[in-house]
Amino acid sequence: MTYEQAMQNIQKFSKSGTPVKNLDRIANLLDLLGNPQKNLKIIHIAGTNGKGSVAEYLTDILQSAGFRTGTFTSPYIREYADRIRINSRNIPEDAICRHCQKIMSVNPDPACSQFEITLAMAFLYFQEEKTDLVILETGIGGLLDATNIIEKPLVSVLTSVSRDHMQILGNTIEEIAMHKAGIIKEGCPVVISPNNKAEKIFRQTAAEKHCEIFTPDESFCDRKETGLEGCRFGYQDTVYQTKMGGMHQIDNALTALEVIKVLNQNCHYHIPAEIAQKAMAETIVPARIQILQTNPLVILDGGHNADGIGVLTDLLSESGISSWIGICGMTDTKDADAAAFQLALILSKVLCVDGFSSNSLQKEQLRDAFVKQHAMASVTELEKALPYAIRWAKGSHGGVVICGSLYLASWYLNQNQVPSV
């Protein structure tokens, strides 16, 4: 099977598959493949925001400590293969071909999703490569997410909860939190991120399942400094620095440190604070308030729900730059009116775009959402937006922010229009 044939086979399955009421479909597929997930030691992460950053902090710390670390994330940012990595290296094409052929040979249920096929591939690859630890990020929710097929994780990690994927998970924080809490397993340690809106529900579920609960003790966290170019904070007599900015990144970093504490204390690993300190100082997640260039300043961010966009606008307002032009695009599954309400408070001008994904919201609809908020908004062609925005920013001594969707961020990262710094 060639790489092109492998991708064609994967794309025969729909992105979401048919709706599920249980995990039978992924269970049957993995059973046909010999249940590779049962041979893996897994850290399982669920949450609306922050789970990708926590996954990357943990990946960098664990591989720096000498562990062969597998990482499964979604969606991909640059290319399909970056969802499945070992020690930060994408799964190679020959491995995709080999494992895809094995999966197709067992005739998976046509109702399976691309996510389920990809997850099965990841489990096969991590087993084949004899990973020491696997960082496993949920797709949507937790309870009925295909990743929840695992039986006994080393740690279940719950990051912040916000309103997103409400058509699947529910309309309230409580309903969404119950789905996320579904990853909590009987007797397995649970780490809850600080400042978590769903902490009460997570604690209640963990207690019902006789789990030891861990959450960072913020009374030991001081000297918090944050900006677009990173964070600095002290925690338990060690000073940490991150390349990713925003107060939320301190919460994410503390969550990762708490997971390391559980591994050391409960799972008999030895990962010194000095290793965590050095690794976290280099961690970068693409499209998480990512600086693409500095003159003028161009920022790329994939936040697409209320909390994610709120974090971005807070950082922009504290940046010292008074004029921002936004290149904004969203998918038709997200709340454009709510996003426009937040972004209009900080953007001097908005260029609305579409065409970056098959389900991108029509740029005229997005423009109308901004106009309702009395924002100066117009539509433009995707390819023309950034050159125009850079000229405007130079003339206004301002900055450019590309935002609204991870798919939009992915499009820009793959265009090579802007040099990375």
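What follows is calculated from the coordinates using simple rules that are stated; it is not laboratory data. Since this is a predicted model, take the numbers as computed values, not measurements. Glycine gets a Cβ as well: all are built from the backbone with ideal geometry, and neighbour counts include every protein chain shown.
Candidates LEU312, TYR388, ASN195 compared by Cα position along the dipole of the chain: farthest toward the positive end lies TYR388, with charges placed on Cβ. Is segment 290-413 best put as rounded, prolate or oblate by its Cα gyration tensor, with a ≥ b ≥ c the root eigenvalues, rounded for a/c under 1.5, and otherwise prolate when a/b is larger than b/c, oblate when not? In terms of gyration-tensor shape, rounded.
Each of ARG203, ARG68, ARG391 was scored by other Cβ atoms within 10 Å of its Cβ. Listed from fewest to most, they are ARG391, ARG68, ARG203. Taking a sphere under 13 Å around the Cβ of ALA206 and counting the other residues whose Cβ falls inside, with K and R at +1 and D and E at -1, yields a net charge of +1.
Across segment 165-259, how large is the tail of the calculated P(r) beyond 18 Å, expressed as a percent of all Cα pairs? That fraction is 53 percent.
Normalising the average separation of contacting C-alpha pairs (under 8 angstrom, six or more residues apart) by the number of residues puts the relative contact order of the chain at 15 percent. Using +1 at the Cβ of each Lys and Arg and -1 at the Cβ of each Asp and Glu in the chain, identify which of ILE327, ASN49, ILE275 lies farthest towards the dipole's positive end. Projecting each Cα onto the dipole axis, the largest value belongs to ILE327.
Eigen-decomposition of the gyration tensor built on the alpha-carbon atoms of the chain gives equivalent ellipsoid semi-axes of 33, 27, 20 angstrom, largest listed first. Restricting attention to segment 290-413, close to 25% of DSSP beta bridges with both partner residues there are antiparallel.
Treating the angle as unsigned and between 0 and 90°, give the value, to the nearest 10°, between the Cα long axis of helix 114-128 and the longest Cα principal axis of the chain. In the chain, helix 114-128 runs at an angle near 50 degrees to the longest axis. For the chain, the antiparallel share of DSSP beta bridges with both residues in that region comes to about 40%.
Cross-link check: pairs LYS15/LYS197; LYS41/LYS261; LYS224/LYS278; LYS180/LYS278; LYS15/LYS41; LYS38/LYS102 evaluated at a Cα-Cα cut-off of 23 Å; pairs beyond the cut-off: LYS15/LYS197; LYS180/LYS278; LYS15/LYS41. About its Cα centre, segment 290-413 has a charge dipole of approximately 420 debye under the convention of +1 per Lys or Arg Cβ and -1 per Asp or Glu Cβ, with nothing else charged. The convex hull built on the alpha-carbon positions of segment 41-89 has an orientation-averaged projected area of 3.4 nm².
Excluding ASN414 itself, what net charge comes from residues whose Cβ is under 9 Å from its Cβ, given Lys and Arg +1 and Asp and Glu -1? Computed value for this residue: 0. Within the listed set GLU116, GLU225, GLU199, the Gaussian network model of the chain (springs between alpha-carbon atoms below 10 Å) gives the highest mean-square fluctuation for GLU225. Count of lysine pairs in segment 290-413 with Cα atoms under 23 Å apart, counting only pairs 8 or more residues apart in sequence or on different chains? Close lysine pairs under the 23 Å cut-off: 10. Dividing the helix sum by the residues of the chain, where each DSSP H run of 4 or more adds -39500 (n - 2.57), gives a mean residue ellipticity at 222 nm of -11500 deg cm²/dmol.
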